[in-house]
Amino acid sequence: MMLRSVLLTLCLPTVALAADPVAQGPKNVPEFEPAFANQTRAPAMTSSFGVDAAWFARGLERPWGMATLPDGGFLVTERVGRLRMLSPDGTDLGEVSGLPEVFVKGQGGMLDVMVGPNFADDGLVYGTYAKPMDGGTSVTAAFVATLDAEARQLNDVQDIFVQDPPSPTAAHYGSRILFGADGDLYITTGEHSSRNERVLAQDLNTTYGKVIRLNGDGSTPTDNPYDSQVWTYGHRNMQGAAVRPSDGALFTIEHGPKGGDELNLIQRGANYGWPVVSYGENYNGRPVGTGQHSAEGMAEPVYYWDPVIAPGGMAFYEGAMFPEWQGDLIIASLNPGGVVRLRLEGDRVIGEERFLRGTRIRDIEIAPDGAILALVDAADGGVLRLTPDR
């Protein structure tokens, strides 16, 4: 284990690696050196084609998560507390009723959505959301429900995970939900940001700043490392997670502070360091934790960004439309915005490319035809459909 319909034409120059990294501005913490080659600022990649971005769906308010239905349609969450259904061509079919009560404040709201692996038989969908608790507090929670697609209604809604303890801070909820290659359910949580609460990312008695591993019914697998729901710990605010199709490895991506966004390979029981160590610094310019970027017994990120990309969701590309990108990691960026493409060789990044700069992208979904769907996070947001221009 390693330690520690608007149309935008985006012209990208050959799938080749340049010696210089992607242009991104100066580091916030220039004295920190990467632990190994290409852990940050890997060589820039360029593609031999341009990319067209056309509106697939419009009029969505702060879209946050997206999932593909077996019929080719889609479910899309809106952070303001709604779930919507889209047709295969992006037509808005209306709101899905039956959501649990959602805490909409700060960064809280309706978050991720996922279609269960046996949906054709059981109709199960899963979601994450900010759940209101006593005294104006809230937590990250996850539910399972049965979708009646014809009626656009969720039935038999049940929470299968509720973060503990409740937080007075409406920030850093995570959270993505997905099934791993092992058939178990993984949920990412945040640590609610405040100085008093962020330390709980290191506390195994809480579910702050953790990757949670559950059985599909919400029970705890007997082989979890800490006799609890916790699979890994020491995370800040993970808003992306994806399983690599080639080998089933689970990767997450999380927001750093001022610098220090991380891509992590998730390994059973590992401690990913927050808030003891970080490749970034606090927003006031002061050091994080020990003031170091690594420590013995804490897992190194596979890759980090300084300055940040403010990552949202991500997906490994599989599809016919971008064959040159097969197996690459496609990542949403909120700030400075756009889409980031990483190429990995084994578990190391060997190249990076960016496009759609300046557009606030919250999530990535690969459409059945191989197009890349990118959620635009805005009050009048929507979904862009990315296709090669050739």
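Please treat every number below as a calculation from the coordinates, not as lab data. Treat the numbers as computed from the prediction; the structure is a model and nothing was measured. Cβ: placed from backbone, ideal geometry, glycine included. Neighbour counts: every protein chain shown.
Quick look at the values:
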| item | result |
| --- | --- |
| Listed residues Gly327, Leu344, Ile361: farthest to the positive end of the dipole of region 315-361 (Cβ charges) | Ile361 |
| Listed residue (Ala201, Ala181, Ala171) projecting farthest to the positive dipole end of region 163-204, Cβ model | Ala171 |
| Protection proxy ranking of 305-318, 99-112, 35-48 - average other beta-carbon atoms within 10 Å, highest first | 305-318, 99-112, 35-48 |
| Cβ crowding within 10 Å averaged over residues, with 84-96, 133-145 ranked highest first | 133-145, 84-96 |
| Protection-proxy order for peptides 228-237, 184-193, 72-81, each taking the mean of Cβ atoms within 10 Å per residue, highest first | 184-193, 228-237, 72-81 |
| Gain in span if fully extended, Ala171 to Thr290, counting 0.36 nm per residue against the direct Cα distance | 40.5 nm |
| Between region 250-272 and region 14-80, the Cα center-to-center distance that results, in Å | 16 |
| Sites Ser228 and Val157 - FRET efficiency at Förster radius 25 Å, r taken between beta-carbons, to 0.05 | 0.50 |
| Förster-model FRET efficiency, 35 Å R0, Glu345 and Thr220, C-beta, rounded to 0.05 | 0.50 |
| When the convex hull of its Cα atoms is projected in every direction, mean area for region 50-145 (nm²) | 7.5 |
| Ellipticity estimate at 222 nm from DSSP helix runs (n ≥ 4, -39,500 (n - 2.57)) divided over the chain, nearest 500 | -500 deg cm²/dmol |
| Net length gained if the chain between Arg357 and Arg244 were fully extended (0.36 nm per residue, minus Cα distance) | 38.1 nm |
| Cβ-placed point charges (K, R +1; D, E -1), dipole of region 241-348 about Cα centre in debye, nearest 20 | 200 |
| Summed side-chain charge close to Arg176 - residues other than Arg176 whose Cβ falls under 11 Å, Lys, Arg +1, Asp, Glu -1 | -3 |
| Point-charge dipole on Cβ atoms (K/R +1, D/E -1) for region 320-390, about Cα centre, debye to 20 | 180 |
| Size of electric dipole in the chain: Cβ of Lys, Arg +1 and of Asp, Glu -1, about Cα centre, debye, nearest 20 | 1140 |
| Environment charge of Thr387, counting only residues whose C-beta is closer than 12 Å and scoring Lys/Arg +1, Asp/Glu -1 | -1 |
